[in-house]
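Values in this text are rule-based calculations from the coordinates and carry no lab data. It should be emphasised that the depicted structure is a prediction, and the values quoted were computed from it without experimental measurement. Cβ: placed from backbone, ideal geometry, glycine included. Neighbour counts: every protein chain shown.
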Amino acid sequence: MNENIWSDKNLIKVLNKNGVVVMPTDTIYGITGKALKRHTVERIYDVKKRAPEKPCIILIGDINELGKFSVVLSEKQKKILKKYWFTPSEVERPRATSIILDCKENLVNNSLEYLHRGTKTLAFRLPSSQALRNLLLEVGPLVAPSANPEARLPSKNIKEAKKYFNNSVDLYIDGGELKSKASKLIKLNNDGSIIVLRE
């Protein structure tokens with residue numbers, strides 16, 4: 001896949017205007033929008049017909065972005081995150097991994113309820129692609145559930161995504177056929193222990 005797609009000016013403009021975009025992520029096609037804009041997130045739930053109690057994975061461009069979501073990491077958690085997100089070699093790095101962390105209520109934003117959906121936890125992924133990280137640093141963290149209605153198969157290409165969503169999203173970004181699978185999903189507790197939820 002051509003990583004230049006993530007520096008597309010129109011993509012950046014639409015996301016910055018709180019639009020909803022179907023685009024390639026570091027794994028599969030996602031239906032994405034700004035995580036810190038409640039209206040955008042609720043619109044994605046609506047378009048995707050996502051079960052309201054299920055939180056979405058959030059893509060971040062930098063580990064410091066976790067602070068925007070009332071996540072405070074223990075030293076043990078920082079050490080484990082480095083293994084999953086910062087291992088320099090592609091050979092040693094585990095495959096794309098989304099990590100569920102506890103989030104405290106954020107008084108500044110009143111509440112992150114619209115993101116954690118009552119679970120008091122949020123799942124984050126720091127992509128290994130620098131081009132995708134750069135986009136995330138420019139527009140802010142993005143919710144990125146898979147580009148398919150609830151209980152349907154994820155879109156492998158833009159044609160499939162358009163069949164699902166038609167004109168209900170603002171932009172489609174074509175990254176060709178994507179055959180990756182969804183990210184590994186783990187819960188990382190404060191004491192550094194891990195529960196694998198999806199391999």
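Some observations on this one:
- Placing a pseudo-label 7 Å from each Cα along the Cα-to-Cβ vector at Ala131 and Asp174 gives an inter-label distance of 1.6 nm.
- Reported to the nearest whole Å, the Cα centre-to-centre distance from region 1-69 to region 110-150 is 6.
- Of all beta bridges that DSSP places with both ends in the chain, some 65 percent have antiparallel geometry.
- Evaluated with a Cβ-only charge set (Lys, Arg +1; Asp, Glu -1), the chain carries a dipole of roughly 280 debye about its Cα centre, given to the nearest 20.
- For Trp6, Trp85, order by how many other beta-carbon atoms lie within 10 Å, fewest first: Trp85, Trp6
- Loop-located GluC sites (Glu not before Pro) in region 33-87 (DSSP state not H, G, I, E or B) with no more than 16 neighbouring Cβ atoms inside 10 Å: Glu53.
- Pairwise label distance in nanometres, Ala182 with Ile194, each label 7 Å out on the Cα-Cβ vector: 1.9
- As a rough footprinting exposure proxy, the listed residues Val22, Val139 were ranked by other beta carbons within 10 Å of their own, and the order from fewest upward is Val139, Val22.
- Each Cα pair under 8 Å and six or more residues apart adds its sequence gap; the mean of these over the residue count of region 3-198 is a relative contact order of 35 percent.
- The helix-only estimate of mean residue ellipticity at 222 nm for the chain, built from DSSP H runs of length n ≥ 4 each weighted as -39500 (n - 2.57), is -7500 deg cm²/dmol after division by the residue total.
- Shown here for region 143-182: trypsin sites (Lys or Arg not before Pro) in loop regions (DSSP other than H, G, I, E, B) with at most 10 other Cβ atoms within 10 Å, namely Lys179.
- Long pairs among Lys104/Lys187; Lys78/Lys184; Lys9/Lys68; Lys37/Lys76, criterion Cα-Cα beyond 22 Å: Lys9/Lys68; Lys37/Lys76
- Ranked list, fewest to most other Cβ atoms within 10 Å of each Cβ, for Cys103, Cys56: Cys103, Cys56
- Reported label for calculated percent of Cα pairs over 28 Å apart given (i) 29; (ii) 80; (iii) 21: (iii)
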